[in-house]
Every structure is written in structure tokens, then in C-alpha cells.
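Participant: This is the structure, below, for whatever I ask next.
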Amino acid sequence: MPWCPKCGAEFRAGFTACNTCHVKLIDHKPDGTEPIEELPPPPGGWEDSPKKQRLLRILRALTFVLLALAAALLLQNR
């Protein structure tokens, strides 16, 4: 069974990297003396796209406006 040398998690056969620590797995239970081979970070997700960043900013602004409108309507009814 592969093990993560950084966090000590055990993985099923076939895994090659720890999904939490992003380090290469070793084939024995770690005792703390193993070298930790850092892997390159996973490729950026959709958040890296400038168009999608702009869409997220617009959605956040819309959410803020709707919440402010709802609060104003609630206060008006008092």
C-alpha cells in the first residue's frame, strides 16, 4: 500500500500522489526519515480564466445588491 510521507495517510494501490499534500507517495509506512518529493501544483482550474474571474466579480456584486435590497425592504415594512 502506498503511504504519504508528509501526512502519513494510507492509499489504495494505484495512487501515486497524496491529494492533500501534493507529494509523491512511498511504498512503506513513513517513519519520518523519508525525503519528501514535492510535486508541481496541479494545473489551475477555471478560476484562472480572466473571463470567469470577471463573471465571479459580477455575481458577487449582484448578490450584494440583492441582499441590500432585501434588507431595505425588510426595514421598510417595520
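The values are calculated or read from the model by the stated rules, or taken from the named source; none is laboratory data. Note that the coordinates shown come from a computational prediction; the quantities given were computed from them, not determined experimentally. Reconstructed Cβ throughout: ideal geometry from the backbone, glycine too, with neighbour counts over all protein chains shown. SASA here: full protein model, heavy atoms, side chains in, ligands and nucleic acids out. Shrake-Rupley method; radii C 1.70, N 1.55, O 1.52, S 1.80 Å.
Participant: With the contact rule set at Cα under 8 Å and sequence spacing of 6 or more, what percent relative contact order holds for the chain? If you can, show how the numbers build up before the last one.
Facilitator: On the way: 74 pairs, mean separation 16.6, N = 78.
RCO, the chain: 21 percent.
Participant: On full extension of the chain, what length is gained from residue 1 through residue 57, given 0.36 nm per residue of separation minus the C-alpha to C-alpha distance? Provide the component values of the computation, followed by the final result.
Facilitator: On the way: separation 56, 0.36 × 56 = 20.16 nm, distance 4.41 nm.
Full-extension gain reported as 15.7 nm.
Participant: Between (1) 48, 17, 10; (2) 34, 13, 12; (3) 32, 16, 14, which entry matches semi-axes √(5λ) of the Cα gyration tensor in Å as derived from the coordinates of this structure?
Facilitator: Only one option fits the structure, namely (1).
Participant: Just read off the accessible area of residue 54 with the full protein assembly in place, 1.4 Å probe, to the nearest 10 Å².
Facilitator: 130
Participant: Apply the Karplus curve 6.51 cos²θ - 1.76 cosθ + 1.60, θ = phi - 60°, to the phi angles in region 64-78 and return the couplings in whole Hz, x for Gly and Pro.
Facilitator: Whole-Hz 3J(HN,Hα) from phi for region 64-78: 4, 5, 5, 5, 5, 5, 5, 5, 5, 5, 5, 6, 5, 6, 6.
Participant: If I model a spin label as a point 7 Å beyond the Cα along the Cα-Cβ vector, how far apart are those points for residue 39 and residue 10 in nm?
Facilitator: Each label point is offset 7 Å from its Cα along the Cβ direction, giving 2.1 nm.
Participant: Additional query: What's the extension gain from residue 19 to residue 77 if we count 0.36 nm per residue and subtract their Cα-Cα distance?
Facilitator: 15.8 nm
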